[in-house]
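The structure appears right after this line, and notes come after that.
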Amino acid sequence: MKRRYHVVAIPIRIVLNTFGDHNPNGMMYVLKENEEKVKRLVKKNPFMPVDLVQPLFIRANEGDTVEILFENKLPFHAGMHFQEAEYDVCQSDGANVGFNKDTTIAPCEKILYKLHLLKEGNYFFSDLGNVSSDQNGSNSNGLVGGLCVQSRFSWWTDPETGKPINSGQYADVHHPLLPSFREYVWMFTDEMEVNDLTGNRPINHFSNQEEESFHGANYRYEPENRREQLVAEGVVCPNCEGEEVHHDSWVFGDPSTPILRGYVGDPAKIRLFHGGVKGTHVFHYHVNQWFSDPNDLASEILDAQAISPQSHYTIQPLYGLGSLQGSFGDAVIHCHLYPHFVAGMWGMNRVFNTLQDGSQCYPNGVPIKSLKPLPDRPAPPKPTKMKPGFPNFIPGKVGMKAPRPPMGIVGGRGLTELERNAAIANPRPGAVFTDPCPEGAPVKEFNISLIEIPLMYNREGWHDPTGRIYVLDEDLEDICLGKKAPEPLVIHTSSHTRYEINFTNRLPHILDGDAFQLVTRTYEAGMHIHFVKFDVLVNDGANVGWNYDSSVLSGETIQYSYYADTELKAWFFHDHLFPGSHQQHGVFGTGVVHPRFSKYLDSSTGVEVDQGTEITCVNPLTPDYRDFVIFAQDFTHLFNKDGKPLAPPPFPGSPDDPGLFGVNYKNEPLQFRLGKDCDPAYSFSSYVKGDPNTPIFKAYEGDSIRIRLLQGAQEESHSFNVHGLRWLSERGDLNSRLENQQHIGISESFTMEMNVPRAGDYLWTFETEEDLWNGLWGLIRAFDEKVPELIKLPDRLEPRERSKPVPQCTGNKPPSAADPTVEIVEGPLRKYDVVAFQTSIQYNSFGDHDPDAIIFALREDMEAIRDGKKEPVPLILRGNMGNTIDVTLTSYLKPELFPFKDGIYPYPIVKEQAFYPPSLRISLHAQLLDYDVKTSAGETVGFNGDQTVGPGESRTYRWYVDSAVGVCGMWDMADIRNHRSQGAFGAFIAEPRGTEYLDPYTLEPVTTGANVILRNPYLPDTREFVIVMHDGVRLLDKNNQVIFDPVDGVLLAPPEIDEDLLDTYDQGSRGFNYRSERLINRYRQHEKIHDVFSSDVFGDPSTPVFESYVGDPVTIRLVTPAERRRAHTFHLHGHRWRFGSENIHSRTESYVGFNVAGAKRNLQLLGGAGAYSGFSGDFMYRSGNIRWDIEQGMWGIMRVFEELKKHLPKLDN
Amino acid sequence: MTQQNECQPINLAREEGISAHFGQNIGKKVLILTEAFPFMFIGEIISVVDDFAEMKVQTTSIPALEGKTWFVHIDTIEVFYIETENGVPIPELKE
């Protein structure tokens, strides 16, 4: 079917909330039919939000061809670039890339884009005519939208009127065979320009400083600051503080942000897009869970989903609205990053239990809009006087805080008559309006308190004087007396458990002020839970919408009731009343739901326990396992032993990236790991400075282990890596890929299950530079012989009696690791002779260069590189499944070639810069391959031997390719400050058995290279393009001046860039494969911003141009070995691939999110080069981060020829 | 070694063999793993009807499905273990 939309890009004033905060320079796509209406309404309402002012959301069906007549009424060239769709890149790319025809258009022009929609899903679109990341750019000002593609034969109606609609954020979607569902579109937007009523930047009333930047959804935000102002000025809720009522509709009425309305049990899909330009967000939706891939029943269950710019997901709540338990009320939806949440990035899912026909009102008198029941579901009952339905039976008072729930608070009130009418037959504390627990479920009771206690993070005296933690009441005394070390509370139960929680708030009323924050009255607290089933009205541990406030005052106890229906990942809990104020002090914990019939033992004594971050789990049916829980933390407010604040913000209360990092209330900064000879190469060695203070999880060789990874606080992305181990990325799916890295944002939870194949010390890290530098690492220690502090797993053989003492810290350099090559090799052996040396790298033709780079290369190429006859590129090694790989590494590092011999690397910086002189030793660590960590991990860790090499020294690592896992990152682990972002990285590709690697231009066999043809007797010839994404590079320009990216690379920059927008981890230049095509260089030559990707104007970029013919099988190996914490999205125009390359059920997408140190993916292009439709031309590959990535050079071209070219032999398929 | 009947496909022979084996163990306790939901059953074999085993399910991975009579198609069984006097007992699963 052919559909046609006429879309106009217009300038528009966007009013973001009812407080009059607005963007005077907004831009939006709008359907032509609404253009005049929206302009008229905006003119009439200069300080009130207008419903039609929202990102453009249009719909079509799978298999449709959609024609977009695009008209540009903006004062610059603009376009519409669609992700996921197939299209002729020379006609419909919405960009001006390479040698394609320009498909952006000048002001007042029109263009017709033709799109082929092959799959149901979310198709993000945005402008690429103006990619400035600054406030003059188009994307941050709103030029984004979504095309929601439904199953074939679907149609859609307005939920309020039941009439057909052409666009809009809410629709009811119908199908002749499938159930109707509510469709809600949720588009995160960020960094938009915001002015207040006076035309100035909004001021935070508490700190009196400029307010946090815009973070919202669908062009709306509801900042805590604005609502709190009404409290402070005495307009509402006189005794409130602010944060605890931020989401309270009793106090303020409903927010301006989206409220997704439905009835209990309605099937629903939230089309989630990230239309913002910079940060990764975490979408969290109370009460509900969903499959990470709605098409794949074996995929992970989520209730929080990180999302990086220009990526998207479909959230399909399991069991429909209100989940399995049929809970009705308000379920808040928000970005879980607290500074974003506080800034206003939240809305609600409102689930009614009575029919809304437009005749009812909310308690504050605002009419409730009509909501048509879905046509294939029974209509809910009509409201009556005695049963008015949610929210009108709740005994609240408008203008005051929501009432406390009935029955829950010990010594509290019972039910009113209306509440009794709305309640279930046998209400009990925590389960009043719905009971999530089936009869007969075993009950487990926990008594939990929240307390304030100082936390000591490391041996150097770094501490948080106002730590706040959950504890079991029975441990209260021991923890307060120092007899028991504080750790995040982890409670263990089996599935099919009814939790009865008695939660007592033992916090002081006041959170004291210091360099980090102002004095705050945190007088009530609760326990909000993820994953488990509960009654949202009374048991959310939160204060949301028209629900009850299910928290308690200091000294009070509240009873909560939950149900764990199935084996779950670790479920996160935390306070939801003042999390922005105190969660970073430690207010988080988790419950782990194990398989039914499990028992939990103390790993050292074997005594049965029900709590702990490290336990042993035994089960009569499934293999016994060790269970380890790791919580990442950031924004940790630490002081050193002298009371000096560490990394304080610019002013107390500023959300500008305050504080440091922790893991389970500990850290082990590398600055304190230098031994006598001050060599960073031994920072992770336990011989030199002893074991780290961070968790060392224990197992015996061969044990099964499960790692529960969570993030407890507060704003940033982290990249968890385990060196030498790996797990299935989807635990329940044997077809999912092997992984050893996981990106995580706050509130996400992952379970990684694996075996420890050999004895040794395995390093776990949060791998990005600043995290690692500040101490986010530890060990998994696998013993080969019995130790008294660890019981054996009951279903495994008794470990051998100890024949040798366990190693001890000596304070000296670690002994050299054994030589792995003495073992006899079975099967093919492949050898690589690799050298590490310093050289200069030209990053582009404009003279941007790194004169102090450190690279790995094959020995045979070293001389040519040094002589300038060969350009340095990241080292790419390959091996086939079944191969043993011997890599001999020789160091040619020279001390005089290090630029900063004084030991402090000046730029890019990390928090808490300190003396850490460049190491002359170097190593080569590889991901995912099979090796003995004691000899071949390419790092010197714990009590493993030394595996680094000094100048002139050589060492051979032995890796075994036991699985064709594709791309694996490789990097140095000897000095993460002075080597890695400088170029000491590469990639190893594990290919299928029998694969040969050929040069794509000569067809001769090659041993390295980012662009090869893979020839395998059982597979089609395939082009393999290796894209190494990296950042944190210190570049000099052609005049040898340091480039301070991202600031120096911003297009259309104002005279003064707001430095507050920059976090430490944004510093440095970035690109692909040691190349960066910084747009600013191009723009300075030719000041037309829509032309910056044009090869007609500038020639091809310096980043790799990968060439192929239409239909060629193509696999992209994408790897991010270095370096900073900002997650990048990768997007290739006009192509898609399966998220799980080995899983035919997997969804297909055109992007990869969360590219951060350690990430890697193998992308098999569906339909090959040019996709199924076989289009030729220049397809851009790039970052999805408009802010500070594309401008700074993270883009390149995949060129697809239609006709045979002399220089490029065709594939022999 | 029994000679395979040339006219009988191997799958049919296998199904018949399993059906017969279940039929010989009526009243015994069995543990079955299946590829599809709910993946695991423990219970007593009540009867065998064609290629279905009728069983009184005591335990599965989902409590709501317990205490009921189930017909399990022989084809869906990936792994099974029938408790006899000779082998190890199927564990008693207690919450």
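The values are calculated or read from the model by the stated rules, or taken from the named source; none is laboratory data. A quick note: this is a predicted structure, and the numbers were derived from the prediction, not measured. In this analysis, Cβ positions are derived from the backbone assuming ideal geometry, glycine residues included, and neighbour counts consider all displayed protein chains.
So the values come out like this:
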| quantity | calculated |
| --- | --- |
| Region A:563-577, subset more than 20 Å from the chain's Cα centre (by Cα) and not polar (S, T, N, Q), residue farthest from the other protein chains (Cβ to nearest Cβ) | A:577 |
| Residue that is of a type in the set (A, V, I, L, M) and touching a strand residue (DSSP E or B) at 6+ places or on another chain (Cβ under 9 Å), where the choices are A:1119, A:1097 | A:1119 |
| The lone exception for residue B:59 - which of (1) in contact with an Asp or Glu (Cβ under 8 Å, 6 or more places away or on another chain); (2) within 14 Å of chain A (Cβ to nearest Cβ); (3) loosely packed, with under 13 Cβ neighbours inside 10 Å it fails | (3) |
| Region A:233-242: number of residues that are farther than 20 Å from residue A:579 by Cβ and not charged (D, E, K, R) | 5 |
| Within region A:906-946, tally of residues that are of a type outside the set (Asp, Glu) and either within 30 Å of residue A:755 (Cα to Cα) or outside the structural domain of residue A:834 (by TED's automatic domain parsing) (or both) | 21 |
| Filtered residues of region A:171-195 (kept if in contact with a helix residue (DSSP H, G or I) (Cβ under 9 Å, 6 or more places away or on another chain) and in a loop (DSSP other than H, G, I, E, B)) | A:191 |
| Among the candidates A:661, A:672, residue that is aromatic (Phe, Trp, Tyr) and surrounded by fewer than 22 Cβ atoms within 10 Å (Cβ to Cβ) | A:672 |
| Subset of region A:451-500 [assigned to a helix (DSSP H, G or I) and not β-branched (Val, Ile, Thr)] | A:473, A:474, A:475, A:476, A:477, A:478, A:480 |
| Pair list, Cβ < 8 Å and 6+ apart or interchain, from region B:68-95 residues that are within 14 Å of chain A (Cβ to nearest Cβ) to residues that are exposed (fewer than 12 other Cβ atoms within 10 Å of the Cβ) and of a type outside the set (Val, Ile, Thr) | B:78/B:35; B:81/B:87; B:83/B:89 |
| Residue count, region A:502-542 (criterion: more than 14 Å from chain B (Cβ to nearest Cβ) and closer than 30 Å to residue B:60 by Cβ) | 8 |
| Leading residue by the ranking (surrounded by the fewest Cβ atoms within 10 Å (Cβ to Cβ)) among those in region A:579-617 that are out of contact with any Phe, Trp or Tyr (no Cβ under 8 Å at 6 or more places or on another chain) and within 14 Å of chain B (Cβ to nearest Cβ) | A:595 |
| Residue ID - farthest from the other protein chains (Cβ to nearest Cβ), chosen from residues in region A:423-445 that are among the hydrophobic types (A, V, I, L, M, F, W, C) and free of Cβ contacts under 8 Å to residues at least 60 places away in the same chain | A:423 |
| Matching option when the condition is in contact with a Lys or Arg (Cβ under 8 Å, 6 or more places away or on another chain), away from chain B (no Cβ under 14 Å) and buried (at least 21 other Cβ atoms within 10 Å of the Cβ), among A:457, A:470, A:499 | A:457 |
| Residues of region A:913-929 satisfying the condition of being surrounded by fewer than 18 Cβ atoms within 10 Å (Cβ to Cβ) and either in contact (Cβ under 8 Å) with a residue 40 or more places away in the chain or closer than 24 Å to residue A:740 by Cβ (or both) | A:914, A:915 |
| First in region A:6-23 and in contact (Cβ under 8 Å) with a residue 40 or more places away in the chain and over 15 Å from residue A:38 (Cβ atoms), second anywhere and surrounded by 21 or more Cβ atoms within 10 Å (Cβ to Cβ) and charged (D, E, K, R), Cβ under 6 Å, 6 or more apart | A:16/A:220; A:17/A:222; A:19/A:226 |
| Residue list for region A:811-824, filter: under 13 Å from residue A:958 (Cα atoms), assigned to a loop (DSSP other than H, G, I, E, B), touching a residue at least 60 places away in the same chain (Cβ under 8 Å) and not small (Gly, Ala, Ser) | A:819, A:823 |
| Output for region A:644-694, where each listed residue is hydroxyl-bearing (Ser, Thr, Tyr) and more than 26 Å from residue A:1066 (Cα to Cα) | A:682, A:685, A:686, A:687, A:694 |
| Checking residue A:1173 against (1) crowded, with 24+ Cβ neighbours inside 10 Å; (2) more than 14 Å from residue A:1031 (Cβ to Cβ), the condition it does not meet | (1) |
| Identity of the residue in region A:897-906, within 33 Å of the chain's Cα centre (by Cα) and surrounded by 14 or more Cβ atoms within 10 Å (Cβ to Cβ), that ends up farthest from residue A:674 (Cα to Cα) | A:905 |
| Strands (runs of 3 or more DSSP E) within region A:65-170 that include 1 or more residues in contact with a Leu (Cβ under 6 Å, 6 or more places away or on another chain) and either surrounded by 20 or more Cβ atoms within 10 Å (Cβ to Cβ) or among the polar types (S, T, N, Q) (or both) | A:65-72, A:121-126, A:144-150 |
| Test: residue in region A:290-299 that is crowded, with 19+ Cβ neighbours inside 10 Å and among the aliphatic types (A, V, I, L, M) | no |
| The one condition in (1) in a loop (DSSP other than H, G, I, E, B); (2) within 23 Å of residue A:252 (Cα to Cα) that residue A:383 fails to fulfil | (2) |
| Top-ranked residue of region A:314-357 - restricted to ones that are within 19 Å of the chain's Cα centre (by Cα) and assigned to a strand (DSSP E or B), ranked as surrounded by the most Cβ atoms within 10 Å (Cβ to Cβ) | A:335 |
| Filtered residues of region A:830-841 (kept if touching a residue at least 40 places away in the same chain (Cβ under 8 Å) and surrounded by 13 or more Cβ atoms within 10 Å (Cβ to Cβ)) | A:830, A:832, A:833, A:834, A:835, A:836, A:837, A:838, A:841 |
| Filtered residues of region A:550-578 (kept if surrounded by fewer than 24 Cβ atoms within 10 Å (Cβ to Cβ) and more than 30 Å from residue A:597 (Cα to Cα)) | A:553, A:554, A:555, A:556, A:557 |
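Let's see how each residue does on (1) farther than 22 Å from residue A:538 by Cβ; (2) over 32 Å from the mean Cα position of the chain (by Cα):
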site: A:426; (1), (2): no, yes
site: A:432; (1), (2): no, yes
site: A:450; (1), (2): no, no
site: A:459; (1), (2): yes, no
site: A:471; (1), (2): yes, no
site: A:475; (1), (2): yes, yes
site: A:479; (1), (2): yes, yes
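Each row is one residue, and each column tells you yes or no for (1) more than 14 Å from every other protein chain (Cβ to nearest Cβ); (2) assigned to a loop (DSSP other than H, G, I, E, B).
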| site | (1), (2) |
| --- | --- |
| B:18 | yes, no |
| B:22 | yes, no |
| B:26 | yes, yes |
| B:32 | no, no |
| B:42 | no, no |
| B:47 | yes, no |
| B:55 | yes, no |
